[in-house]
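The values are calculated or read from the model by the stated rules, or taken from the named source; none is laboratory data. Because the structure is predicted, anything quoted here is derived from the model rather than measured. Positions of Cβ are generated from backbone atoms using ideal geometry, with glycine treated the same way; all protein chains shown enter the neighbour counts.
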Amino acid sequence: MTLFSIVFILLLLIDCALKYYLNQRQISAINRSFNQVPAAFHSQISLEEHHKAGRYSLAKLTLGKIELIYGVILVLIFTLGGGIDKIAQLTQFSNYPISREVGLIIVYSLISSALGLPLSYYSTFKIEQAFGFNKMTLGLFIKDLIKGTLLGLIIGVPLLYLVMWLMNSLGATWWLWVWGVMVIFNLLILTIYPTFIAPLFNKFTPLEDLELKARIETLLSECGFKSQGVFVMDGSKRSSHGNAYFTGLGASKRIVFFDTLLKQLSHDEIIAVLAHELGHFKHKHILKQMLTSFGIMLVGLFVFSLLINQSWFYAGLNVSQINPASGLLLLFILTSIISLPLAPLSSYMSRKNEFEADDFAKAHANKQDLISGLVKLYRDNASTLTPDDLYVKFYYSHPPANLRIANLER
């Protein structure tokens, strides 16, 4: 065992311990307030609904502990246990090195996905089912799995061949070229996702409620937002959770409402929720997030370019084959272990964006409609109202209910 092996194990244990500690803090926070609805929600959420949210959150947190330990075991098997080397042996089917490297990444991805299926199944058909959220059948679950796998192969294989060729052929500057390709690829996916990818999994129909549609178009005009249209997605075929989102890029932008959301909220509340989403557009939050992610990707690829030919990097993780494919897999594993300390900054920026979008919504819709709509969503989605402060800092992309509503009422 090398020095880097010891450092890797320590990083893995620290990551696991911190995640477990945060999980326990969240469990304790929920249990402390389990029998008392927060004062700000007394009139809108019953104790029974509060209990349901607590039990639902605790069930997911318990599963999270299992996922955490299971994930650590898999990481050790794939690295120090020689798993990546074993997979590499299975992919020695071609005389072309690039094909072997692409094969390594594909087989690793398929095995990782297969190993995650039991927990995914339990989450959907046990936890979500027990709390009345799951609407998915086993047949649809399998159909989605097959579609997702085939789509991933159709899109991913050509991309992997191009990336592997760039890494093997362009010398020390390969990381700049790969970064450029990944930026273009991500922008292309954002552009075609609404019209070519999303419809493979869900049905999208134009909004038929003419009164609501007219009010939405008025709001869009006031905010200077041009889209391909307003669509309703059949989210109820998989879950009773409600949501709304913008998708697409440039001329392909569209607004999507889950059919469940339209049933949960009144017209006034829907307009207020849409005004919040438009706040993200007006403040350019999505653009800023894209630029940030591209910047992080650039730095990550540069750092990786310094490691890719270092024998100690591979030997420390028990990988004998020094090549771009093995290196990318190790980079992915290592990044997942060391990224948690950066989570508070990312989560803080995301929550800040939500506050800004709420402030925009207050200026373009009735804030009481947004408050009542949010409370309905917290209630109907069984979201806990009493999270732990430290857990929030690491994991919450949206402000907790009490802080968000207090900001709206100011």
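Flag set for residue 43, criterion: among the polar types (S, T, N, Q) and free of Cβ contacts under 8 Å to residues at least 12 places away in the same chain.
Close Cβ contacts (under 9 Å, 6 or more residues apart or on different chains) running from residues in the range 59-86 that are touching a residue at least 60 places away in the same chain (Cβ under 8 Å) and under 30 Å from residue 132 (Cα atoms) to residues that are surrounded by fewer than 15 Cβ atoms within 10 Å (Cβ to Cβ) and among the small types (Gly, Ala, Ser) comprise 59/130.
A quick yes/no check of all residues on (1) of a type in the set (Phe, Trp, Tyr); (2) surrounded by 15 or more Cβ atoms within 10 Å (Cβ to Cβ); (3) at pLDDT 85 or above:
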site	(1), (2), (3)
201	yes, yes, yes
206	no, no, yes
212	no, yes, yes
215	no, yes, yes
231	yes, yes, yes
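In the range 240-249, is there at least one residue being more than 21 Å from the chain's Cα centre (by Cα) and farther than 17 Å from residue 218 by Cα? Within the range 240-249, not a single residue is more than 21 Å from the chain's Cα centre (by Cα) and farther than 17 Å from residue 218 by Cα. Helices (runs of 4 or more DSSP H) fully within the range 282-357 that include at least 3 residues being closer than 21 Å to residue 179 by Cα: 285-307, 324-338. Taken over the range 34-64, the criterion of being hydrophobic (A, V, I, L, M, F, W, C) and either more than 21 Å from the chain's Cα centre (by Cα) or modelled with pLDDT under 95 (or both) is satisfied by 34, 37, 39, 40, 41, 45, 47, 53.
Could you tell me how many of the residues in the range 117-174 are in a helix (DSSP H, G or I), of a type in the set (D, E, K, R) and over 30 Å from residue 326 (Cβ atoms)?
4
Can you tell me how many residues within the range 314-345 are more than 18 Å from residue 14 (Cα to Cα), without any contact (Cβ under 8 Å) to a residue 60 or more places away in the chain and surrounded by fewer than 16 Cβ atoms within 10 Å (Cβ to Cβ)? Result for the range 314-345: 2. Is there a residue being within 24 Å of residue 364 (Cα to Cα), in contact (Cβ under 8 Å) with a residue 40 or more places away in the chain and not small (Gly, Ala, Ser) anywhere in the range 202-210? Checked against the condition, which is being within 24 Å of residue 364 (Cα to Cα), in contact (Cβ under 8 Å) with a residue 40 or more places away in the chain and not small (Gly, Ala, Ser), the range 202-210 yields at least one hit. If you go through the range 260-317 and keep only what is among the β-branched types (Val, Ile, Thr) and within 22 Å of residue 359 (Cβ to Cβ), you end up with 270, 271, 273, 286, 292.
Confirm whether residue 187 is out of contact with any His (no Cβ under 9 Å at 6 or more places or on another chain), in contact (Cβ under 8 Å) with a residue 40 or more places away in the chain and within 21 Å of residue 145 (Cα to Cα). Even if it seems obvious, please write down each step before you answer.
Details: out of contact with any His (no Cβ under 9 Å at 6 or more places or on another chain): yes; in contact (Cβ under 8 Å) with a residue 40 or more places away in the chain: yes; within 21 Å of residue 145 (Cα to Cα): no.
No, not satisfied.
Filtering the range 257-281 to residues that are assigned to a helix (DSSP H, G or I) and among the aliphatic types (A, V, I, L, M) leaves 261, 262, 270, 271, 272, 273, 274, 275, 278. When the range 1-33 is examined, which residues are found to be surrounded by 13 or more Cβ atoms within 10 Å (Cβ to Cβ), closer than 26 Å to residue 126 by Cβ and touching a residue at least 40 places away in the same chain (Cβ under 8 Å)? 16, 19, 20, 22, 23, 25, 26, 29, 30, 33, listed by residue number.
Here residue 74 does not fit the description of being at negative phi, in contact with a Cys (Cβ under 8 Å, 6 or more places away or on another chain) and surrounded by fewer than 18 Cβ atoms within 10 Å (Cβ to Cβ).
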